[in-house]
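The values are calculated or read from the model by the stated rules, or taken from the named source; none is laboratory data. Quick caveat, the model's predicted, so the values are computed rather than measured. Glycine also receives a Cβ, built like all others from the backbone with ideal geometry; neighbour counts cover every protein chain displayed. The protein model used for the area step is the full one, side chains on, heavy atoms only, and it has no ligands, DNA or RNA in it. Shrake-Rupley method; radii C 1.70, N 1.55, O 1.52, S 1.80 Å.
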Amino acid sequence: EVSPRVSRSGLQECAVARMQQTTTLLLPALVVTLSMITPATCFQPTNLPLAPTTLATCARCAAPPTIAALKGLHPPLPVAARKLIIADSSALPAKRHALVTGPSHQGGWTRGVGPLKTYGPLKMSASPGTGVVVRTATTRIAASAIGAVATWLLVHAAGCGAVVASSLVGLAAGFALPAPLATAAFCGSFCGMSTAVVAPGAVQAGALGAGAGAILSTLDATNSRFLRGYGGRLGAAATLSALVSIAVTPSLRRAGLLYRPELAAAAAEAAARPAAGVAVLATVLGAAVMRGWARGVPRMQGLLKMEAEVLKQLVARTTNPVFSASLIGLLAGLTVGSTRPTLAAAAFAGAFVAMSPPDKLGSFRALLVAAAFAGLAQVGLTAIGVGAGGKLGAAAVLGVFATRQLRKAKKKATETIVRATQTLKRE
């Protein structure tokens with residue numbers, strides 16, 4: 001017979017386990033529901049190309065439009081329309097003016113007349129409907145969940161390191177999948193890097209991946225400029241998903257995984273040691289190698305004049321941001337991951353910084369500065385979200401943000417000095 005005291009204790013443990021299981025099962029369903037509702041009501045994707053018969057380009061940026069205009073000269077503007085070109089090019093000469101309506105290159109809506117280069121009949125296609133939007137978001141969420149589960153299994157079942165496991169998933173996704181699904185799967189792989197405390201099973205890892213995919217899809221769906229173009233954006237979404245999971249799980253919250261002051265004090269002491277400098281150098285090296293691979297291989301192909309279509313596709317598949325960053329992570333994980341996992345993670349974070357497009361980090365020097373800031377940010381994030389995956393990407397985001405703010409401050413100071421010098425010369 002079991003004593004009443006033991007029976008009550010067993011019942012309490014059973015109740016706690018049942019509550020945790022219910023939360024785990026309901027969380028992904030809630031996330032998926034919200035992600036389906038939000039995109040369906042407030043966005044139309046701008047990265048979907050038009051039909052191949054559309055051959056018009058904007059004279060200001062020489063780029064083809066991504067969302068075609070609909071009927072009439074004054075249609076209601078879609079919320080997410082980037083560039084609407086309204087003209088019947090079949091009735092216009094080659095360099096006539098057409099009404100151009102859309103966001104200006106400096107931000108904000110403009111409406112006026114601008115030159116339109118035409119190369120044939122311009123056929124307008126309707127923007128995707130709600131069903132397409134919902135299916136796209138749902139597919140990306142599923143890809144993120146699958147990426148998280150695959151990474152978790154590689155880490156906990158196959159015995160791979162976290163960096164190697166995420167890199168393997170990223171390599172497969174970057175090579176075989178289109179860009180929207182590849183980024184979603186890569187984002188989910190960061191959730192699979194979470195420790196067994198945060199994600200004790202593959203189901204929990206999949207739920208975290210679905211949450212990260214929902215966050216990523218919502219940001220893209222609403223055309224939010226938040227973190228757009230920042231290297232490490234995928235990891236930041238994974239970290240946010242893990243933090244939400246920790247916050248809604250009482251046992252993890254009581255364990256202090258959201259923030260641990262003792263780890264913050266230890267990180268402050270470690271920042272003054274030479275090991276922190278080595279980690280910063282590893283981050284800078286990862287960013288430099290990633291940039292060299294992503295830009296050097298296409299240039300080498302051009303110099304060698306290799307025009308075979310199969311080779312062009314191979315180069316495109318192996319130099320996209322997801323594949324390139326995963327390649328750097330795999331090399332770092334295989335070389336120093338078993339002996340110095342911190343350095344492998346730092347190099348992986350540097351690769352995330354290099355995923356930023358040129359309009360965010362235009363020069364190579366700015367890239368190295370951002371990578372150095374990202375290396376320091378890794379130390380600062382030690383005490384936040386203990387055991388959560390994706391913090392390397394969050395550190396990369398902080399590095400890119402700090403560099404951009406530094407460049408803005410430098411530009412403002414230079415302008416102030418120039419104005420002051422001109423004023424003194426006039427006097």
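In table form, for the structure just shown:
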item: Derived scalar couplings ³J(HN,Hα) [the range 187-199; Karplus, 6.51 cos²θ - 1.76 cosθ + 1.60; whole Hz; x for Gly, Pro]; result: 4, x, 4, 5, 5, x, 7, 4, 6, 5, 6, 7, 10
item: ³J(HN,Hα) computed for each position of the range 291-301 - Karplus, 6.51 cos²θ - 1.76 cosθ + 1.60, integer Hz, glycine/proline x; result: 5, x, 5, 5, 9, x, 5, x, 5, 4, 4
item: In the range 163-271, the trypsin sites (Lys or Arg not before Pro) that fall in loop regions by DSSP, at most 12 other Cβ within 10 Å; result: Arg225, Arg228
item: Amide H within-cut-off set for Ser194, under 5 Å, with H built and near neighbours excluded; result: Gly389
item: Simple spin-label estimate for Ala266 and Val132 in nanometres, 7 Å along Cα-Cβ; result: 5.2
item: Accessible area in the full protein assembly, largest first, 1.4 Å probe, for Lys391, Lys312; result: Lys312, Lys391
item: Amide H contacts of Gly231 (H built 1.01 Å from N, under 5 Å, at least 5 apart or other chain); result: Ser356
item: Separation in nanometres of the label points that stand 7 Å from Cα toward Cβ, at Ala409 and Val248; result: 3.8
item: Å² per residue, accessible surface of the range 217-339 at 1.4 Å; result: 53
item: Ranked by how many other beta carbons lie within 10 Å on average, peptides 200-209, 287-296, 182-191, 360-369 from highest; result: 182-191, 200-209, 287-296, 360-369
